[in-house]
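Q: I'd like to ask some things about the structure below.
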Amino acid sequence: MVIDGAAVDSIAAFYAELNQQLMRGEDWELGPSLDALNDLLYGGIGALAGAALQRWEITDHAAMAAALGVETTRKWLLAKLDPEGPFDRPAIRERLARLEATGHETYFELLLEVFADHPQVELLLR
């Protein structure tokens, strides 16, 4: 699986790329969710069904890291503060404060953490 990092300019674009490459032939698509990525990497769905080992490559990962950086992450977290939403708002506020203070825990970094949680997945950043 190769992802062109220069083509990923948003969270939605990342999941659109996953759906295009891995969910063809399925009657549903992955939603833009870290949990969905985690489920996908377990290898039981889409083109990864039954895959014992997975090799992923992100080309131009610096462009993708910038696109999924602090500003995108801030917007993503702020959207989760909707009082009608199902999210833990105090925890989201803490994550937002850490992001503002450190510039870390960006969406790109969170993606890398999800990949790292799967020992059967090799991720190459180019």
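The values are calculated or read from the model by the stated rules, or taken from the named source; none is laboratory data. In this text, all values refer to a predicted model and were calculated from it rather than measured experimentally. Positions of Cβ are backbone-derived with ideal geometry, glycine not excepted, and every protein chain shown enters the neighbour counts. What goes into the accessible areas is simple: the full protein's heavy atoms, side chains included, and nothing from ligands, DNA or RNA. Shrake-Rupley method; radii C 1.70, N 1.55, O 1.52, S 1.80 Å.
Q: Determine ³J(HN,Hα), in whole Hz, for all residues of segment 13-18 in sequence, where each value follows from phi through the Karplus function 6.51 cos²θ - 1.76 cosθ + 1.60 and θ = phi - 60°; x replaces Gly and Pro.
A: Rounded to whole hertz, the list is 5, 4, 6, 4, 5, 4.
Q: Plugging the Kirkwood radius over Cα pairs into Stokes-Einstein for segment 87-126, at a temperature of 25 °C and a viscosity of 0.890 mPa s, what D comes out in µm²/s?
A: 210
Q: Ignoring ligands, DNA and RNA, what accessible area per residue does the chain give at 1.4 Å, in Å²?
A: Result: 55 Å² of accessible area for each residue.
Q: For segment 111-116, what does the Karplus curve 6.51 cos²θ - 1.76 cosθ + 1.60, with θ = phi - 60°, yield as ³J(HN,Hα) per residue in whole Hz, taken in order and with x for Gly and Pro?
A: 4, 4, 4, 4, 4, 5
Q: Length gain on complete extension for the stretch THR102 to ARG89, per 0.36 nm per residue less the alpha carbon to alpha carbon distance?
A: Gain on stretching THR102 to ARG89: 2.7 nm.
Q: Looking at segment 15-94, which trypsin sites (Lys or Arg not before Pro) are DSSP coil and have at most 11 other C-beta atoms within 10 Å of their C-beta?
A: Passing both the DSSP loop test and the Cβ count: ARG24.
Q: Related question: Roll a 1.4 angstrom probe over the protein heavy atoms and tell me the percent of accessible area of the chain that is carbon or sulfur. If you can, show how the numbers build up before the last one.
A: Details: 3670 of 6910 Å².
Reported share for carbon and sulfur atoms: 53 percent.
Q: Sticking with this structure for a sec: 5 Å is the cut-off here: which amide hydrogens, built 1.01 Å from N in the peptide plane, fall below it relative to ASP60, excluding neighbours closer than 5 in sequence?
A: Those lying under 5 Å, H to H, from ASP60 are GLY5, ARG126.
Q: Counting only the heavy atoms of the protein chains, how much of MET23 is accessible to a 1.4 Å probe, in Å² to the nearest 10?
A: 10
Q: Further question on the same structure: With a 1.4 Å probe and every protein chain left in place, tell me how much accessible area THR106 has, in Å² to the nearest 10.
A: Looks like 10 Å² after rounding.
Q: Then there's this: Quick check: Cα centre of segment 96-113 to Cα centre of segment 27-83, how many Å?
A: Segment 96-113 and segment 27-83 have Cα centres separated by 15 Å.
Q: So, one more: Find the eigenvalues of the gyration tensor of the Cα atoms of segment 34-126, then list the square roots of 5 times those eigenvalues as equivalent ellipsoid semi-axes, largest first, in whole angstrom.
A: Values: eigenvalues 146, 60, 20 Å².
Result for segment 34-126: semi-axes of 27, 17, 10 Å.
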